[in-house]
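Asks: My questions all concern the structure below.
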């Protein structure tokens, strides 16, 4: 029987420091579990730390929620190379303490990126003019001293014309969220601002900007060696070096998917948007239909023509009174906006439209997010699967990236007797990651949604 891997990682540094301290406190040896949380819809990283103090370190520190912790995490095994990353986080709070002996306590600590901590103390009240994503970038650089990585935007920029906006006493991160909510590409692809555990250099944070259209078309890091969900494969590499273990999916958890009712409540099946111009008294109404949206994506070659979709039931009918229609023909949500043409001369305001047909894009972007959320599920993989990309001079794989996964076919009488389940296997977008460092193991819980089938092109 192959031997078990003794250690998959090492925390080489975990140091608490603060402006009020004369010295730093090393808590590396007290850590029981460390988890980092990344989310494609959050421009910051959060973390939770569990540690046991049996010598009174935390009594001496007297935590006030203003401290910093610097972590350095590195690989151990030679088969994956010399990999490491360093990140500094703000200590936010002690979630709970648990007395486990006369002289021992377990501390459960909450942490967040430094720029997100500073964000709570800054409010913006000023005007900006320009493209939505460029204003967002300027806000992060000027108010939070954060670098911006636009590589996940590719060649796609927002469809919307330059605007003039007044930021109404909200924080920089709230401002960026508000601005990017309005930004879409031509096909209605939403924009995101997010951060990963690899986006910090010498204590300075970086936030990534991306749009779904670019992410879907980006190359996949494991195109030639997909992850495989198979109990047999996992058993065969158990105890092997980490490089071999890194191609397996350990477990899969599918919960709360295919919720069409939730999509209806969000206006992602059928909805309308009405815009009232207080200057011209014009009222414009446009409809959103998921059926028309998917047909439009086919015409633009975003999805393969004639491909089967599992976003909604096209044969479903709903009856109200004497009318029977498909769900996309009903308006499950009615949205309204108010504009005033000419307020800023020739420059549009936040809700102004150069083309009235662009109004539907205000509904397409959240609808696209709703489509992906409907079929999202979690997998658990060895941490080295994503961590190993640091050895190629890249960032480690994380949210906003794509991953190829093969799922074995459980019924060879179906799917023409193929080895892989063609409906499930394919290219997936990573929405959330939880990196868990516990005991000897580094595992990642990954929330994913499918982009394309195995062997199919995205566009």
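Every read-out reported here was derived from the displayed coordinates using simple, explicitly stated rules and does not represent laboratory data. Since the structure is predicted, the reported quantities are computational estimates derived from the model, not experimental observations. Because the Cβ atoms are built from the backbone with ideal geometry, glycine has one as well, and the counts that use them run over all protein chains shown.
Asks: Once you sort the root eigenvalues of the Cα gyration tensor of region 119-211 as a ≥ b ≥ c, which label holds: rounded (a/c under 1.5), prolate (a/b larger than b/c) or oblate (the other case)?
Replies: oblate
Asks: Related question: Hey, what angle do you get for helix 132-144 against the long axis of the chain, alpha-carbon based, 0 to 90 degrees rounded to 10?
Replies: 30
Asks: Moving on to the next point. Could you work out how far helix 361-374 tilts from the main Cα principal axis of the chain, as a 0 to 90 degree angle to the nearest 10?
Replies: It is inclined by approximately 40 degrees.
Asks: Ratio to report: Rg/Rh of region 6-105, with Cα atoms as the point set and Rh obtained by the Kirkwood method; give two decimals.
Replies: 0.99
Asks: So, one more: Helix 290-299 against the longest principal axis of the chain: what's the angle in degrees, Cα atoms only, rounded to the nearest 10?
Replies: Helix 290-299 sits at roughly 90 degrees to that axis.
Asks: Given only helices, namely DSSP H runs of n ≥ 4 each adding -39500 (n - 2.57), what is the per-residue ellipticity at 222 nm of the chain, to the nearest 500 deg cm²/dmol?
Replies: The helix-only estimate for the chain comes to -5000 deg cm²/dmol at 222 nm.
Asks: Compute the Rg to Rh ratio over region 260-364 from the alpha carbon atoms, using the Kirkwood formula for Rh, and round to two decimal places.
Replies: 1.05
Asks: Which one, [x] 0.92; [y] 1.09; [z] 2.13, gives Cα Rg over 2.2 N^0.38 Å as derived from the coordinates shown?
Replies: [y]
Asks: Please give the peptides 56-62, 220-226, 286-292 ranked by average Cβ packing (other Cβ atoms within 10 Å per residue), highest first, as a rough proxy for protection.
Replies: Ranking the peptides 56-62, 220-226, 286-292 by packing returns 286-292, 220-226, 56-62.
Asks: Normalised by the number of residues in the chain, what is the relative contact order in percent for Cα pairs under 8 Å and 6+ residues apart?
Replies: 17
Asks: With each label point set 7 Å from Cα along the Cα-Cβ vector, what nm distance links residue 310 and residue 61?
Replies: 4.5
Asks: Once you sort the root eigenvalues of the Cα gyration tensor of region 90-170 as a ≥ b ≥ c, which label holds: rounded (a/c under 1.5), prolate (a/b larger than b/c) or oblate (the other case)?
Replies: Cα axes put region 90-170 in the prolate bin.
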